[in-house]
1. Quick check on segment 188-474: of the DSSP beta bridges with both residues there, what percent are antiparallel, nearest 5%?
2. What 222 nm value per residue comes from the helices of the chain, counting each DSSP H run with n ≥ 4 as -39,500 (n - 2.57) and dividing by all residues, nearest 500 deg cm²/dmol?
3. Distance in nm between label sites at residue 300 and residue 178, each 7 Å beyond Cα in the beta-carbon direction?
4. Mind running the shape call on the chain? Use the C-alpha gyration tensor, a ≥ b ≥ c as the square roots of the eigenvalues: rounded below 1.5 for a/c, prolate if a/b tops b/c, oblate otherwise.
5. Give the Debye-formula value of log10 I(q)/I(0) at each listed q (0.14, 0.18 Å⁻¹), with one equal scatterer per alpha carbon of segment 263-404, two decimals each.
6. To make sure I understand, if each residue's beta carbon is the centre and we count other beta carbons within 10 Å, what order do 206, 147 fall in, fewest to most?
7. Report the Cα-based extents of segment 409-492 along its three principal axes, largest first, to the nearest Å.
8. Starting with the highest mean, order 88-97, 446-455 by the number of other Cβ atoms within 10 Å, averaged over the residues of each peptide.
């Protein structure tokens, strides 16, 4: 299909003015799993990832009486949904599978007029179950989100519409005011972008253990997979200009690390570069973080560097991040940098509470929920209309294909999030660990999103620091192909 034909097809969808839903029934589901290894360690917060399970959830539906299906996928990352240092990794993975199974149990048999109405029922049941079982909401609704994603794809596939249009025109039944009551009289069509983004800026993750220069990589740690390894190599290869830099809360270590990162970016990136800082929940009070920030921002070697700061993500531990004391602390700190929540954005009530306390906004990750993220984008857009500060960032969870990263980008595009953290392509060797048939499907469906690496497998295609999304926007919820799940291990819907 030519680019001009693709564009014309997309414009036809965007110009259509629909306002309807579909009848929907969830008839079945299955879970598959595979194990992936990282090409280099990914250190984030209290965890370092070297291998991780990936799950695929397939949901069978009837849409207007006709059979359809959708697939969602995600990694099962340890020490993110619950940052409990002493919990064994095996138990954390089992807990993630448990919430997925429970969400599917709630979903099978649900009948609703729209995907949004079905999600509301599943969300409510999962929330009640999570509370009864004392499961953290962020973890409990990870299961909800996987069902939700597959459900959305099944409707988009059955109706032949891309996600962005189905979200805006009523096909999915999305109602911002049903999540945030202050938006009761506002529609998605007026609060979300009229057209999806055709490209986004890749905000490159600089992990706590990532090598900054090629010269600094020990000989026995050099990779030979045709992809860049160090930060300076990544900047030059991908043309990077946006970055996400992780800090660990140790003042001396953060000073030293940030100075080195600043030099590397300054020497290799365009002069209009920008970055966010990820606080990784390292601080127990606003005052602790304020003192840390005062020291960093007073560092003469970092003064010019911090002029490029966009925002700071989740510096406060989730246990205290939404406490009333945070509002008092922010009130005493009027010249603070923009600070957003991430891990604390666990329920549909999290963002309004955070905004009341003085946060500037939140992040979107598909694992936190599609409809919730869309409602949050609507709420922040309404704040911008009123002249208030509002930040909606796109963050990653080491997303990779063949499904997760494509659906993630479809949502980022529809919500108009221009700077999107990407790290899955950096810590994983493209789609090298997937079957050849899957690799060929991805390349065929998304020639502008993926390219063939020098070693013959697909990898994310980033030019001038940008990811192009035309193929993502024209497909039903991104993927555009039926993934063969048979090569992956089937796991039961009930625990053994």
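1. Details: 7 of 33 bridges.
So the antiparallel bridges in segment 188-474 amount to around 20 percent.
2. On the way: 18 runs with 193 residues, N = 496.
Theoretical 222 nm ellipticity from helices: -11500 deg cm²/dmol.
3. Inter-label distance under the simple model: 6.0 nm.
4. Values: a/c = 1.42, a/b = 1.22, b/c = 1.16.
The shape class here is rounded.
5. After summing over all Cα pairs, the log10 values are -0.72, -1.12.
6. 206, 147
7. Extents along the principal axes: 36, 31, 23 Å.
8. Put in order of decreasing packing, that is 446-455, 88-97.
Every read-out reported here was derived from the displayed coordinates using simple, explicitly stated rules and does not represent laboratory data. All values reported here derive from a predicted model rather than from experimental measurement. Here Cβ is always computed from backbone atoms with ideal geometry, including for glycine, and neighbour counts include all displayed protein chains.
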